[in-house]
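Worksheet: the structure to be examined is printed underneath.
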Amino acid sequence: MNGTLQIREHLLTELETGVRTGASLIRLIRPEDWAYRPQDNMRSLVELVHHFIQITASDLVIMQEKGEAEVSQVENRLSGNQDIEQLEKTLWSNFEAYKAYITSLNEEDFLNRSTKAFYAEHGHLQVQWQIETLTHVFHHRSQLYNYLKQQGHELNFFMLYA
């Protein structure tokens, strides 16, 4: 395997770490935690979890140049769902679909194919989208960790890499 494809695989491995450890955090949520909102101008825990779960799905449709309506449909698909098993199943299903797309790209497309989000003036290369998705997942996994800490859950840093 050449260097470019090795980097793609390393990025997917890191993304899987974010998904796996995010799933372990979601499994800790108690029924009374769902409504938690740190401040009025922030997402509630349930909104954050839904957003986290849909990152790979929404980023995938964005990088495939779908329109605002389709992206919004993906982002709102989990509305009202607090079933942890179903949420985790969706998280993994979204990740697998994203991974299938990324691994379907040949090296030329991965490095040089540019796609434009409906909200942007300029496009991004597929490799740039992959990096964006990775940082997006880790950003919101960190928020999830902090929300649960603020709700009194016994968490430690090491669980983010287990």
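The values are calculated or read from the model by the stated rules, or taken from the named source; none is laboratory data. All values reported here derive from a predicted model rather than from experimental measurement. Because the Cβ atoms are built from the backbone with ideal geometry, glycine has one as well, and the counts that use them run over all protein chains shown. When the accessible area is computed, the model is the full protein with side chains, heavy atoms only, and any ligands, DNA or RNA have been set aside. Shrake-Rupley method; radii C 1.70, N 1.55, O 1.52, S 1.80 Å.
Computed quantities for the displayed model
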quantity: Three-way shape label, segment 55-110, alpha-carbon gyration tensor, a/c 1.5; calculated: oblate
quantity: Whole-number accessible area per residue in Å² for segment 31-106, which is evaluated in the context of all protein chains at 1.4 Å; calculated: 52 Å²
quantity: Surface per residue (accessible, 1.4 Å probe) for segment 123-162, Å²; calculated: 54 Å²
quantity: Arg37 accessible area, assembled protein chains, probe 1.4 Å, Å²; calculated: 100 Å²
quantity: Net length gained if the chain between Trp34 and Thr4 were fully extended (0.36 nm per residue, minus Cα distance); calculated: 6.7 nm
quantity: J(HN,Hα) series, segment 34-49, from Karplus relation 6.51 cos²θ - 1.76 cosθ + 1.60, nearest Hz, glycine and proline x; calculated: 3, 7, 4, 9, x, 8, 4, 8, 10, 5, 6, 4, 5, 5, 5, 4
quantity: For a label point 7 Å along the Cα-to-beta-carbon line of Asn81, residues of segment 42-69 with backbone N under 18 Å; calculated: 44-62
quantity: Rounded to the nearest 20 debye, dipole of segment 1-101 from Cβ charges on Lys, Arg, Asp, Glu; calculated: 160 debye
quantity: Among Ser79, Ser24, Ser114, residue whose mean-square fluctuation peaks in a GNM of the chain (springs only between Cα atoms under 10 Å); calculated: Ser79
quantity: Among Ala69, Ala120, Ala35, residue whose mean-square fluctuation peaks in a GNM of the chain (springs only between Cα atoms under 10 Å); calculated: Ala120
quantity: Neighbour cut-off at most 14 other Cβ (10 Å), DSSP loop, GluC sites (Glu not before Pro), segment 61-162; calculated: Glu65, Glu121, Glu154
quantity: Centre separation in Å (Cα based) which lies between segment 4-64 and segment 119-137; calculated: 16 Å
quantity: GNM flexibility winner over the chain from Gln143, Gln73, Gln128 (Cα, springs under 10 Å); calculated: Gln73
